[in-house]
1. Please compute the modelled spin-label separation between Leu153 and Glu60, points set 7 Å along Cα→Cβ, answer in nm with one decimal.
2. Mind running the shape call on segment 186-287? Use the C-alpha gyration tensor, a ≥ b ≥ c as the square roots of the eigenvalues: rounded below 1.5 for a/c, prolate if a/b tops b/c, oblate otherwise.
3. Relative to the present Cα-Cα distance, how much length would full extension add between Arg133 and Arg41 at 0.36 nm per residue of separation?
4. Multiplying the sequence separation of Val205 and Glu253 by 0.36 nm and subtracting their Cα-Cα distance, what value in nm do you get?
5. With label points built 7 Å along Cα→Cβ from the Cα atoms of Lys280 and Thr161, find their separation and express it in nm.
6. Which of Met162, Met278, Met93 ends up with the largest GNM mean-square fluctuation for the chain, with Cα atoms connected below 10 Å?
7. Just tell me which aspartates and glutamates come within less than 19 Å, Cα to Cα, of Lys40; anything on the same chain fewer than 8 places away is out.
8. Helix 258-267 sits at what angle to the longest principal axis of the chain, using alpha carbons and giving 0 to 90 degrees rounded to 10?
Amino acid sequence: MFLPGGLRGSADGTVVKRTEITTPEVLPDERGSERSLRPKRLSEFIGQERLKESLHIAIEAATARREPLDHILFHGPPGLGKTTLAMLLAREMGVNFATTSGPVLEKPADLVGALTNLREGDILFIDEIHRLRPVIEEFLYPAMEDFRIEVRLSEGPRAQTMTMAVESFTLVGATTRFGLLTAPMRARFGIIERLDFYPARDLAVIVGRSAEVLGVEATAAGARELATRARGTPRVANRLLRRVRDFAEVRAEGVLEADVVRRALELLNVDEHGLDAMDKRILVTVIDKFEGGPVGLNSLAVALGEDAGTIEEVYEPFLIRQGLIMRGPRGRVATAEAYRRCGRPVPEGEGASGTAPAGKQPDLFGRARDGERDPR
Ligand SMILES: Nc1ncnc2c1ncn2[C@@H]1O[C@H](COP(=O)(O)OP(=O)(O)OP(=O)(O)O)[C@@H](O)[C@H]1O
Ligand SMILES: [Mg+2]
């Protein structure tokens, strides 16, 4: 059962621009290959051990009690496996999987069909759940809590409504913007799990598995080389793999050795840490135009000619993870390491760790927690 899907974009509807090769967002021509590379069982889902363990426990407990799974929310940056996990859950539980997404649902009626078609234990997956309209959210609350929905029988202020029962289903939500989810919505999920960037070691295993699926020969060193440049993101790792394969076929007899991977990625403009042209532009802007910060998100967005939400959602998490940018109450600050990577002299007063805000007193800038609203 499939509901209409929508094109991906940032929260305000603008299309995400970035060097395509390293964007964590899915590209239009990739949907087919994504499908073929998706793990089919939870045991094939690599890394995120703690999260997998808690899902295993939830699955076993629900199965033993012969009850549906609790409602589950996955959040975290794009391309880390939220959709994949939702599909795996359905397969592990042996239930049907229906999918829709926040922005395509206009009115409660758009969900009635899907909800009434669900059988006990089935999974309804709502992608980009932070983009649900308030009327839809309110329609969903009783469905999630008491498995009943209020259906309007006609239009207008005095329209009659009818209460209908739905089977006890499991709602699985996914979002890249946990901070934008309303509190009542959050409160209705029994399990809330965050996906984090993958260490290179796990990405190398993912590359190895994908290479096998694609029928490409990759050496262990080649897979590692590719993994370190994949920005902690399986989707990027798989994309780099496909592009490097093309290079290897044309220039290097098809085998992905470390040196072949290095040459191919150099040609594609991906540096040894996975930074691309846009990442560098952000760092250079913070350093050169704003003296290393702190700079508010909106000022930075204007200077870059880029949408603030996109910077925050798509570019920044990786830069923060790499210790190149810090988020504090007064805005973004470039770290000493960022100055070094950009070939700029590090200002005095640099913190010993190399990831403290360059030239600034570290205690002025607390680290922002995930989901926290940022200074604009
Ligand atoms: N742990 C993993 N092991 C193996 N492959 C993975 C893993 N996580 C993700 N992938 C691969 O990465 C691709 C992207 O994953 P997925 O579509 O689930 O990301 P997502 O978090 O839903 O992203 P988005 O926020 O853009 O919707 C999938 O095709 C899948 O093959
Ligand atoms: Mg997804």
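1. 5.0
2. It comes out oblate by the Cα gyration axes.
3. Numbers: separation 92, 0.36 × 92 = 33.12 nm, distance 3.30 nm.
Gain on stretching Arg133 to Arg41: 29.8 nm.
4. Working: separation 48, 0.36 × 48 = 17.28 nm, distance 2.26 nm.
The span from Val205 to Glu253 would gain 15.0 nm if fully extended.
5. 5.7
6. In this elastic network of the chain, the residue with the biggest mean-square fluctuation among Met162, Met278, Met93 is Met162.
7. Glu30, Glu49, Glu53, Glu60, Glu92, Asp122, Asp202, Glu212
8. 90
Computed from the coordinates by the stated procedures, all read-outs in this text should not be read as laboratory data. Just so we're clear, the structure is a prediction, and the values are computed from it rather than from any experiment. Cβ atoms come from the backbone with ideal geometry, glycine included; neighbour counts cover every protein chain shown.
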